[in-house]
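These notes are about the structure you will find just below.
The values are calculated or read from the model by the stated rules, or taken from the named source; none is laboratory data. These numbers were taken from a predicted model, which means no experiment stands behind them. We place every Cβ from the backbone using ideal geometry, glycine too, and count neighbours over all the protein chains shown. When the accessible area is computed, the model is the full protein with side chains, heavy atoms only, and any ligands, DNA or RNA have been set aside. Shrake-Rupley method; radii C 1.70, N 1.55, O 1.52, S 1.80 Å.
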Amino acid sequence: KKEILILKYDFLNIIGLMTGTSVDGIDISLVQTNGLNLKRLNKNYFYKYSEETKSFLMEMLNEDININLKRKQYLDEFITNEHYLALKDLDIIQMADIIGFHGQTIYHDPVNKTSIQLGDPIKLAKMFNKNVIFNFRTQDIEFGGQGAPLAPIYHQFIIEEFNLKLPSCVLNIGGVSNLTYWDGNKLIGFDTGPGNGLMDNYMSIISDKYFDENGTLASKGTPDKKLIKSFLNQDFFKKPPPKSLDKHSFINFYNELLKKNYSNADFMATLADLTIESIVSSLMFLPHKVNSILITGGGYRNIHLINRLEERLRLKFLNEKQLGIDFDYIESELIAYLSARSIYNLPITFPSTTGVLRPLSGGKLYNNL
């Protein structure tokens, strides 16, 4: 009987699935990767959540975590069914060896070493008759890490792939902002502070939009620099990495701002400047001055935010057009990359990225039997 053996570090066809804290939908990428290299196949898709689904998920993310844990089985199924709908009509399913399934993060508490992702990998494996990798953060937490950020090892790959001038950073401005530093020797990764989350939340309250397009509204306002300065005195911003955040970590600042009765433009300008100043102050923790910064995440499209950041850092950011890759799918590529590293037992988190005791692999294989 002939057996097919996976040779060490063979390239696999892997689908990466990612839905972030913005809960607008599911990013999907099919790539060829062995966890050391990655070949993009231009097989990227976005499954947009319906308005009902988005509203339900936003409501769920703002609920008390204890309420959600009581309903966890239902929520796991709900998230899994959405991923099934996202994939079922795509031809990439036939091409895939493995599905990398991150699930929906509903809670992240680095202090108490807890990170909860919704999803049922066994159900997804049976639905598609495919092996599924899930639970990327659990092992890291069990060995003393914070379970986040997961992106640094993939960011390091991108820095090396495009031969960016070292020391180099990848700055991802999503719901929260996180930064990866690589100088050819030391890999550092940490959350820097708020990203788009607070701004998006306010826009959804004052308008029928989910974000401030191009940062137009923020650009018309005046930030409250005094309030920002006092907020940046908090322990988190003074603490050296590794460190990570939950989406709700800055709710106090948000509530303080609400009391001020500012115009919408001033409110948004203050939130934008909080994101900018927290990124600027985070660079003091890096061992060397950065020569190049690649910026990704939804914040990349906020022209006001990027212009202000470039002014403050006196650095030009590299963008997706220069590199020829689509930044919208970096996180779904990341999940595929981490899935391969999981198969080959390569580390995905490190003492300098999550605080884990030693470099550690992660992700658990759920087979389709």
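Within segment 156-179, the residues that satisfy the criterion of being closer than 19 Å to Gly35 by Cβ, aliphatic (A, V, I, L, M) and not in a strand (DSSP E or B) are Ile158, Ile159. I'd like the full set of residues that are touching a residue at least 60 places away in the same chain (Cβ under 8 Å) and either among the aromatic types (Phe, Trp, Tyr) or surrounded by fewer than 17 Cβ atoms within 10 Å (Cβ to Cβ) (or both), limited to segment 249-280. Matches in segment 249-280: Phe267 only. The combined condition, being out of contact with any Leu (no Cβ under 6 Å at 6 or more places or on another chain), open to solvent by 10 Å² or more (accessible area, probe 1.4 Å) and either among the aliphatic types (A, V, I, L, M) or farther than 27 Å from Gln104 by Cα (or both), is fulfilled by Asn307.
Only residues that are among the small types (Gly, Ala, Ser), open to solvent by 20 Å² or more (accessible area, probe 1.4 Å) and at pLDDT 95 or above were counted across segment 1-21, and they come to 0. If you check His108, His102, His155 for being over 28 Å from Met60 (Cβ atoms) and of a type outside the set (S, T, N, Q), only one passes: His155.
Out of (1) touching a strand residue (DSSP E or B) at 6+ places or on another chain (Cβ under 8 Å); (2) more than 30 Å from Tyr181 (Cβ to Cβ), what's the single condition that is false for Ile206? It fails just one condition, (1).
Inside segment 97-128, residues that are out of contact with any helix residue (DSSP H, G or I) (no Cβ under 8 Å at 6 or more places or on another chain), hydrophobic (A, V, I, L, M, F, W, C) and outside any helix (DSSP H, G or I) make up a count of 1. Do we find a residue being surrounded by fewer than 18 Cβ atoms within 10 Å (Cβ to Cβ) and more than 22 Å from the chain's Cα centre (by Cα) anywhere in segment 134-143? Among the residues of segment 134-143, not one is surrounded by fewer than 18 Cβ atoms within 10 Å (Cβ to Cβ) and more than 22 Å from the chain's Cα centre (by Cα), which makes the answer no. Across segment 39-55, the qualifying residues are those that are touching a residue at least 12 places away in the same chain (Cβ under 8 Å) and within 17 Å of Gly20 (Cβ to Cβ), and the one among them that is surrounded by the fewest Cβ atoms within 10 Å (Cβ to Cβ) is Lys48.
Looking only at segment 176-197, residues that are within 17 Å of the chain's Cα centre (by Cα) and crowded, with 23+ Cβ neighbours inside 10 Å come to 15 in all. Within segment 211-222, being crowded, with 17+ Cβ neighbours inside 10 Å and either of a type in the set (Lys, Arg) or on the phi < 0 side of the Ramachandran plot (or both) holds for Phe211, Asp212, Leu217, Ala218, Ser219, Gly221.
Ile205 falls short on exactly one of the conditions (1) among the aliphatic types (A, V, I, L, M); (2) open to solvent by less than 80 Å² (accessible area, probe 1.4 Å); (3) more than 21 Å from the chain's Cα centre (by Cα); (4) under 23 Å from Gly298 (Cβ atoms), and that condition is (2). None of Ile153, Ile133 is within 23 Å of Ala96 (Cβ to Cβ), in contact (Cβ under 8 Å) with a residue 60 or more places away in the chain and in a strand (DSSP E or B) except Ile133. Given the structure, is Pro287 within 23 Å of Ile188 (Cα to Cα) and crowded, with 16+ Cβ neighbours inside 10 Å? So Pro287 fails the test.
Please enumerate the residues belonging to segment 87-96 that are open to solvent by 10 Å² or more (accessible area, probe 1.4 Å) and part of a helix (DSSP H, G or I). Hits for segment 87-96 are Ile93, Gln94, Met95. Just for segment 318-344: of the residues that are more than 19 Å from Val176 (Cα to Cα) and of a type in the set (Phe, Trp, Tyr), which one is surrounded by the most Cβ atoms within 10 Å (Cβ to Cβ)? It comes out as Tyr337.
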